[in-house]
Amino acid sequence: MEFGVAIFLTDYTIEPRRLARLVEERGFDSLLVTEHTHIPASRETPWPGGGDLPREYSHSHDPFVALAMAAAVTERIKLGTGVCLVTEHEPIVLAKVVASLDRLSGGRFVFGVGAGWNREEMRNHGTDPARRHGVMRERIEAMKAIWTQDEAEYHGRHVDFDPIWSWPKPLQEPHPPIVVGGVGPKVLDRVLAYGDEWMPNRMENPEQLKQRIDELQSRAADAGRGHIPVGYFGVKPEPRAVERLAWAGVEYCVFYAPPLEDHDEVERKVDELAALVEQVRA
């Protein structure tokens, strides 16, 4: 079992370099950061968590800038997006950003992806919410072509470009792992279509999660693919919760660190999580 920390890094939370050093020093395996380019003031789309949308959603740093800072002061931990909203990025530019970060970090980048839940937000980026999953698939397929081919081209419904040259290529071959987030009814289809791993959240219970993981591995085998790693985002910080997720087939647990203005308090929370991990690993 591997363990990671995820956080909304904002203009008022702990600084990326301090947090990254802390996560690495405390023995965690990864640091994931969230993404929202902005939050529309309309608030038409309800927050999936229920209630008022927390402040951090409209204050978050660009994840790639924050992760570049984290990469510069660490050597071991994986650094990833949890998740990158691919529907809000132009794919040729995003392919360059991902490849650059992976190479400059020494091949430590993990590309967590999602289509997004805020309809107004994606509309502001020119994405029709009804087509967001198709847009995400084509953009990821196009990026894969850019990462793996010297002269890449892609012709789809939402992405279309003639042969291009684009370097650097990612250090990881064929590219950083693409971790598909979400728990919707078709998420396993997306993992099998263009993902390398699955990272669910908000599952009702471990029994339900185990059924879906078993289905994923069975379908992967039928498709001639190997084992697909599964993580869980937002694990409850309790030994029993970790044990139940391991029973369900989860291989890495990502804990959520609170985006507090008191930076020392965030450090204390990470220390508490590190103590929990030590207890589980004992």
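The values are calculated or read from the model by the stated rules, or taken from the named source; none is laboratory data. Since the structure is predicted, the reported quantities are computational estimates derived from the model, not experimental observations. Every residue, glycine among them, receives a Cβ derived from its backbone with ideal geometry; neighbour counts consider all protein chains shown. Just the protein is used for accessible areas: all its heavy atoms, side chains included, with ligands, DNA and RNA removed. Shrake-Rupley method; radii C 1.70, N 1.55, O 1.52, S 1.80 Å.
Scanning segment 141-174 for residues that are surrounded by fewer than 17 Cβ atoms within 10 Å (Cβ to Cβ) and in a helix (DSSP H, G or I) turns up Glu141, Thr148. When each of Leu192, Leu209, Leu188 is tested for being closer than 27 Å to Ile92 by Cα and open to solvent by less than 30 Å² (accessible area, probe 1.4 Å), the lone residue that passes is Leu188. Note on segment 1-59: residues that are among the aromatic types (Phe, Trp, Tyr) and open to solvent by less than 10 Å² (accessible area, probe 1.4 Å) total 2. A single entry from Gly134, Gly116, Gly112 fulfils the requirement of being assigned to a loop (DSSP other than H, G, I, E, B) and among the small types (Gly, Ala, Ser): Gly116.
A Cβ distance below 6 Å, combined with a sequence gap of six or more or placement on separate chains, defines the contacts here; from segment 41-70, residues that are closer than 16 Å to Ile14 by Cβ reach residues that are open to solvent by 80 Å² or more (accessible area, probe 1.4 Å) in the pairs His59/Asp11; Met69/Arg17. Among the residues making up segment 123-140, those that are touching a Phe, Trp or Tyr at 6+ places or on another chain (Cβ under 9 Å) and open to solvent by less than 10 Å² (accessible area, probe 1.4 Å) are Met136, Ile140.
Looking only at residues that are more than 15 Å from the chain's Cα centre (by Cα) and among the hydroxyl-bearing types (Ser, Thr, Tyr) in segment 62-120, which one is most open to solvent (accessible area, probe 1.4 Å)? Checked segment 62-120; the qualifying residue most open to solvent (accessible area, probe 1.4 Å) is Ser100. For Gly114, the criteria (1) of a type outside the set (D, E, K, R); (2) touching a helix residue (DSSP H, G or I) at 6+ places or on another chain (Cβ under 6 Å); (3) under 30 Å from Arg76 (Cβ atoms) hold in every case but one, which is (2).
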